[in-house]
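Coordinate-derived values only; no laboratory data. Note that this is a predicted model, so its numbers are computed, not measured. Cβ placement follows ideal geometry from the backbone for every residue including glycine, while neighbour counts extend to all protein chains displayed.
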Amino acid sequence: MPPRRKEPSPTDASSGSDEESKVNFKFKPSATIPKAMESIDKWKSKRTGIRKNIDKDYTNKLASLKNEIKEHYEQEALKRSGHNKKQLERLLAAVEKRISCEEKITKEIDSLREDTAHIAMLIDAIYSGREEAAQTSAKKLKPSQSKE
C-alpha cells in the first residue's frame, strides 16, 4: 500500500495566495430582511399562541383528570364505608345473637342448678329417713337378738 499523504497544517494552508484571504465585507441590506424579520416575529407570535393553547389544554386536561381521580377515590371510599357498615351490622347481629344464646344457657344452667339442689335435698331427706329407719330397725333387732 502506498503511504498516506500528509494533510497540510493550518499554517501551510494559509500560506497559499493573498487573493483567497481577501473577503468582500461590503454588505448591503436588501428589502427582504425586514420582511423576513416580520415573518419571524409573526411565526414567533403564532408559536407563542400555540404554546399558550397547549398549556391551557394541558391544564384543563390535568384538572379534569384530577377531578376524575378525586371522584373515583370518593366513590371507592363510599363503597368501602358501605361494606364496612354492612360488616359491622353483621357483627353486631352475631354478637347480639351470641349474648341471647348465652343468656338462655345461663337461665338453663340456673334452672338445672335449682333442680339439682332440689334433687340433692330430696336424696338427703331419703337418706336421712332410711338411716333413721335402719337405726330403729337395728334397735328393734338388737334387743331380740340378745334374748336368744
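Counting other Cβ atoms within 10 Å, keep those with at most 11, restrict to DSSP loop, and tell me which chymotrypsin sites (Phe, Trp or Tyr not before Pro) in the stretch 42-148 are left. Please list the in-between numbers first.
On the way: sites: 43, 58, 73, 127; in loops: none.
Loop-located and lightly packed - none at all.
If R0 is 30 Å, the Cβ-Cβ spacing of residue 57 and residue 84 corresponds to a FRET efficiency of close to 0.15.
Compute the semi-axes of the equivalent ellipsoid of the stretch 54-148, taking the square root of 5 times each eigenvalue of the Cα gyration tensor, and list them largest first in whole Å.
89, 8, 4
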